[in-house]
């Protein structure tokens, strides 16, 4: 368990509808679609919750120093918006970034690996060829 009483926005991939959920327990273990409804056990084997939602965000593996991502976006972070445009998947992130040019300043919102909400203005750069 990494955090308690967290909130997330979940999306329906078929309809595009979203919903905010709160009062959740955040885990650092793998939870995938299809696990919903299953019990969450503590170390003593007691049920402490019900699996509700799996993450499908663009979890960051790490950031290269001296790049825009070094603004505090670290391993395990999940980017949630770029310039106010919600990011629910890696494809959403690619589309949001592609809408800008190198040199543009954009606001990036993310949830760090501890569940903290963050936001920073970053200047985009061209990536490697």
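Close contacts from the stretch 108-129, counting a first residue that is in contact (Cβ under 8 Å) with a residue 40 or more places away in the chain and a second that is loosely packed, with under 12 Cβ neighbours inside 10 Å and assigned to a loop (DSSP other than H, G, I, E, B), with Cβ to Cβ under 7 Å and a gap of 6+ residues or different chains, come to 113/75; 123/103; 124/102; 124/103; 125/102. If you check 56, 113, 94, 77 for being within 21 Å of residue 19 (Cβ to Cβ) and modelled with pLDDT under 90, only one passes: 56. Candidates 72, 61, 103, 11: the one that is closer than 30 Å to residue 127 by Cα, modelled with pLDDT under 70 and touching a strand residue (DSSP E or B) at 6+ places or on another chain (Cβ under 7 Å) is 11. Of all residues in the stretch 78-104, those that are within 11 Å of residue 58 (Cβ to Cβ) and surrounded by 17 or more Cβ atoms within 10 Å (Cβ to Cβ) total 10. Starting from residues that are surrounded by 13 or more Cβ atoms within 10 Å (Cβ to Cβ) and farther than 26 Å from residue 26 by Cα, keep the ones in the stretch 105-124 and report whichever is farthest from the chain's Cα centre (by Cα). My answer is 124. Hey, could you check the stretch 14-32 for residues that are modelled with pLDDT of 70 or more and surrounded by 11 or more Cβ atoms within 10 Å (Cβ to Cβ) and say which is nearest to residue 86 (Cα to Cα)? The selected residue is 18. Of all residue pairs spaced 6 or more apart or on separate chains, none has beta-carbon atoms under 8 Å together with a first member in the stretch 33-46 that is at pLDDT below 70 and a second member that is loosely packed, with under 10 Cβ neighbours inside 10 Å.
The values are calculated or read from the model by the stated rules, or taken from the named source; none is laboratory data. Please read these numbers as outputs of a predicted model, since none were measured by experiment. A quick note on method: Cβ atoms are made from the backbone with ideal geometry, for glycine too, and the neighbour counts reach across all protein chains shown.
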